[in-house]
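Q: Structure incoming, see below.
The values are calculated or read from the model by the stated rules, or taken from the named source; none is laboratory data. This structure is a prediction, so every number in the text was calculated from the model and none was measured. Heads up, the Cβs are rebuilt from the backbone with ideal geometry, glycines too, and the neighbour counts pull from every protein chain shown. When the accessible area is computed, the model is the full protein with side chains, heavy atoms only, and any ligands, DNA or RNA have been set aside. Shrake-Rupley method; radii C 1.70, N 1.55, O 1.52, S 1.80 Å.
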Amino acid sequence: MDLVRRSQYGLPASSPAAHIASTGGVKVHYLGSEYSSRRHDLCDDYVRAIRASHLANTVEDYVDIAYNAVVCEHGTVYEGRGPNRRSGANGTAALNTKDYSVCALLAKAGGGLDTPPDAQLHGIRDAIDWLRAEGEAGDYIGGHRDGHATTCPGDKLYDWVRRGAPRPGATPPPARPVVDLSRLISAAHVDPPKGGTPVSYGGVRTVEAALNAEGLLAGGLVDGHFGTSTITAYRAWQKRCGYSGADADGIPGKTSLTRLGQARGFTVID
Ligand SMILES: [Zn+2]
Ligand SMILES: [Zn+2]
């Protein structure tokens, strides 16, 4: 996280805004005006200009920049009012008490820089995490438009907010199930005579589901028991893999199981 504290860019070290112990969460804003991409060394000038315009606003009577944090296109987080300060940006006193506010330096649609770069999304996420860690912000993440009549923070940013404000590129592939070969072999030896309960190893069900997907085991027999039906089905898989005779005995081996895992999405460990 690249955080610039108030005193580091020329603001009084602490905000005069009212102290607040915690909030339900964070609301995301954008400028909603014309705004063009610029060099990073000009970003803090812009944040100071926002603060100056807020302080000059006699209608709202702001005591400070309205936002708790401002995030530039390069992902830097500028401390606004900061954590534990009541926001001035969410629309009403009640809404300002309910959530913190984080503003992206982002234009209205068609007004210049109107698509948040990945770095900025990371920065907004950094600001949210920071307000949670230092300002007791709750889990809620919303947009200015939630509960207030405004289009802020614009459709692009709001779509991202609605998806839970995920870090760009952070979507990991779904975890593959893992099947332990030695435990599976033990189950194949132990389970047949037990014919019922209890299931000796959970990975059996993963393998049975794969055999079912291969058309070798009926769905009703995917029961977590490596019984005689599963032995028969696995033998058929071994034959499909080119094994015969004693090598196709229905007891899983490393090669045939790995091939089944590659075909049906599980990882084999010894
Ligand atoms: Zn807003
Ligand atoms: Zn910047």
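Q: In terms of Cα to Cα distance under 26 Å, which lysines are near enough to Lys98, apart from those fewer than 8 places away along the same chain?
A: Lys98 reaches Lys27, Lys108, Lys156.
Q: Below 19 Å, Cα to Cα, which lysines can Lys239 reach? Residues fewer than 8 away in the same chain don't count.
A: Within the straight-line limit of under 19 Å, Lys239 reaches these lysines: Lys254.
Q: Which residues among the range 3-24 fall inside the zone where the amide N is under 19 Å from a point 7 Å beyond the Cα of Asp41, along Cα→Cβ?
A: 4, 8-10
Q: I need the calculated FRET efficiency for the pair Thr58 and Asp139, taking r as the beta carbon distance and R₀ as 25 Å, to the nearest 0.05.
A: Result of the calculation: an efficiency of 0.10.
Q: By accessible area of protein heavy atoms, probe 1.4 Å, what ranking do Ser36, Ser101 get, highest first?
A: Accessible-area ranking of Ser36, Ser101, largest first: Ser36, Ser101.
Q: Label the range 3-162 by shape, choosing from rounded, prolate and oblate, from the square roots a ≥ b ≥ c of the eigenvalues of the Cα gyration tensor; if a/c is under 1.5 it is rounded, and otherwise prolate applies when a/b is larger than b/c, oblate when it is not.
A: Rounded, because the longest to shortest axis ratio a/c is under 1.5.
Q: Out of the DSSP beta bridges found with both residues in the range 3-162, what percent are antiparallel (nearest 5)?
A: So the antiparallel bridges in the range 3-162 amount to around 20 percent.
Q: Each residue of the range 81-89 in turn: what ³J(HN,Hα) in whole Hz from Karplus with 6.51, -1.76, 1.60 and θ = phi - 60°, glycine and Pro shown as x?
A: For the range 81-89, the Karplus-derived couplings read 5, x, x, 6, 10, 5, 5, x, 10 Hz, x marking Gly and Pro.
Q: Report relative contact order for the chain in percent, whole number only (criteria: Cα-Cα under 8 Å, sequence separation at least 6).
A: 18
Q: Separate question: Mind listing the phi-derived Karplus ³J(HN,Hα) values for the range 138-150, rounded to whole Hz, using 6.51, -1.76 and 1.60 with θ = phi - 60°, and x for any glycine or proline?
A: Values, residue by residue: x, 6, 5, 10, x, x, 3, 5, 6, x, 8, 7, 7 Hz.
Q: For the chain, take the longest principal axis of its alpha carbons; what is the angle in degrees between that and the long axis of helix 203-213, to the nearest 10 within 0 to 90?
A: Tilt of helix 203-213: around 80 degrees.
Q: Under the classification rounded if a/c is under 1.5, otherwise prolate if a/b is larger than b/c and oblate if not, where does the chain fall, given a ≥ b ≥ c as square roots of the Cα gyration tensor eigenvalues?
A: Prolate is the answer for the chain, as a/c is 1.5 or above and a/b outweighs b/c.
Q: Here is a further query. Taking R0 as 45 Å, what's the FRET efficiency between Thr151 and Lys239 from their Cβ-Cβ distance, rounded to 0.05?
A: Efficiency, from the Cβ-Cβ distance: 0.10.
Q: What is the spin-label model distance, in nm, from Arg48 to Ala263 if the labels are put 7 Å beyond Cα along the C-beta direction?
A: Roughly 6.8 nm, to one decimal.
Q: Starting from the amide H of Lys27, placed 1.01 Å from N in the peptide plane, find each other amide H under 5 Å away whose residue is 5 or more places distant or on another chain.
A: Tyr100, Ser101, Val102, Gly142
Q: Let me ask another. Could you compute how much accessible surface Lys108 exposes when probed at 1.4 Å, giving the result in Å² to the nearest 10?
A: Accessible area, nearest 10 Å²: 80 Å².
Q: Leu3's amide H: which non-local residues (gap 5+, or another chain) put their own amide H closer than 5 Å, with H modeled 1.01 Å from N in plane and none for Pro or chain starts?
A: Val77
Q: Sort by residue number and report every cysteine in the chain with no other cysteine beta carbon within a distance under 4.7 Å.
A: So, Cys103, Cys152, Cys241.
Q: Of all trypsin sites (Lys or Arg not before Pro) in the range 11-66, which ones are in loop regions per DSSP and have a Cβ with at most 12 other Cβ atoms within 10 Å?
A: Sparse-neighbourhood loop trypsin sites (Lys or Arg not before Pro): Arg39.
Q: Rounded to whole Hz and in sequence order, give me ³J(HN,Hα) for the range 225-241 from the Karplus expression 6.51 cos²θ - 1.76 cosθ + 1.60, θ = phi - 60°, writing x for Gly and Pro.
A: These are the phi-based 3J(HN,Hα) values: 10, 7, x, 5, 5, 6, 4, 4, 5, 5, 4, 5, 5, 4, 5, 5, 7 Hz.
Q: Could you tell me the calculated FRET efficiency between Asp249 and Arg167, based on Cβ-Cβ distance and R0 = 51 angstrom, to the nearest 0.05?
A: 0.55
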